[in-house]
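Student: Here you go, one structure.
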Amino acid sequence: MALKPYLNIDLTEAGCDEAGRGCLSGPVFASAVILPKDFYHPLLNDSKQIPERTRYELRTIIEKEALAWAVAYVSNEHIDEINILNASFLAMHKAIDALKINPEYLLIDGNRFKPYTGISHKCIIKGDAKFAAIAAASVLAKTYRDDFMNTLHIDYPCYGWNQNKGYGTAFHRAAIEKHGISIHHRRSFKLVAWDLFHQQ
């Protein structure tokens, strides 16, 4: 099914999405994107549904053709302080703050959002597979977060972040069991079976 180019033809819409919400380590990233109303690319879709190479190709196109775009993140330490849901909202707010054009309406991927002052929004379940602007935001959030985790991997290769990007794969959890928790892990998450008992 083709992505919808917009919800409101007469309003400047920004699509918003996050990446890394379910990870055990690293920040949560978010992006906000304002696309031209006539933007179309046949390969654009939910970032989880397209190959890595295609995501990076699309990122270049989105950054070139979007009317405005921004990417922001909230650190793992801040996630532990305010919880991952609030951190996801904050990351999206930070991305909206950074847009060079003020949107008049927000299309939010998911079913919950903390209202952004002065701008109406609509939450859309699986919106990254329904609206082009949300799909574009998902591509930017995902690729920028992947780049960030690849950089962290250089200093912490034992966790395999260049492959798992911080998600709780069997390899990642086994590495935590063997090497312990790094400064980039989310201590408020249940990292391994014994983790909650051992946290200070």
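The values are calculated or read from the model by the stated rules, or taken from the named source; none is laboratory data. Quick caveat, the model's predicted, so the values are computed rather than measured. Please note: Cβ atoms are built from the backbone with ideal geometry, for glycine as well, and neighbour counts cover all protein chains shown. Note: accessible area is taken over every heavy atom of the protein model, side chains too, but ligands, DNA and RNA are not part of it. Shrake-Rupley method; radii C 1.70, N 1.55, O 1.52, S 1.80 Å.
Student: If you count only protein heavy atoms and use a 1.4 Å probe, how large is the accessible surface of Leu11, to the nearest 10 Å²?
Tutor: That residue has around 60 Å² of solvent-accessible surface.
Student: What's the local net charge at Asp80, with K and R +1, D and E -1, over the other residues with C-beta under 9 Å away? Show your work: numbers first, answer last.
Tutor: Numbers: positive: Arg186, Arg187; negative: Glu77, Glu81.
Computed value for this residue: 0.
Student: Expected output is a single nm value to one decimal: the length gained when fully extending between His41 and Ser75, i.e. 0.36 nm times separation in residues minus the C-alpha distance. What is it? Present the calculation step by step, with values, prior to reporting the outcome.
Tutor: Details: separation 34, 0.36 × 34 = 12.24 nm, distance 3.21 nm.
Taking His41 through Ser75 to full extension adds about 9.0 nm, to one decimal.
Student: Given 0.36 nm per residue, what is the gain on full extension from Lys122 to Lys190 after removing their alpha carbon distance, in nm? Let's see the in-between values first.
Tutor: Working: separation 68, 0.36 × 68 = 24.48 nm, distance 3.16 nm.
So the extension gain works out to 21.3 nm.
Student: Right, something else. By the scheme Lys and Arg +1, Asp and Glu -1, what is the net charge of all other residues having a beta-carbon under 13 Å from that of Thr151? Can you show the working numbers first?
Tutor: Working: positive: Arg145, Lys165; negative: Asp146, Asp147, Asp155.
Overall, the nearby charge balance is -1.
Student: Here is a follow-up. Determine the principal axes of the Cα atoms in the chain, then give the extent along each, sorted from largest to smallest and rounded to whole angstroms.
Tutor: Its Cα atoms span 55, 35, 28 Å along the three principal axes.
Student: Still on this model: From the backbone phi of region 149-155, what are the Karplus-calculated ³J(HN,Hα) couplings (6.51 cos²θ - 1.76 cosθ + 1.60, θ = phi - 60°) in whole Hz, Gly and Pro given as x?
Tutor: Per-residue couplings from phi come out as 5, 5, 5, 4, 4, 4, 8 Hz.
Student: I want the local charge near Lys94. Using Cβ-Cβ distances under 13 Å, sum +1 for each Lys or Arg and -1 for each Asp or Glu among the other residues.
Tutor: My count for the surroundings of Lys94 gives -1.
Student: Per 0.36 nm of contour for each residue apart, how much would the distance between Thr60 and Gln163 grow if the chain were fully extended, relative to their Cα-Cα spacing? Walk me through the numbers before you get to the answer.
Tutor: Working: separation 103, 0.36 × 103 = 37.08 nm, distance 2.21 nm.
In short, 34.9 nm is gained.
Student: As a test question: what accessible area, to the nearest 10 Å², does His153 have when a 1.4 Å probe is rolled over all protein chains in place?
Tutor: Surface accessible to solvent at His153 totals approximately 40 Å².
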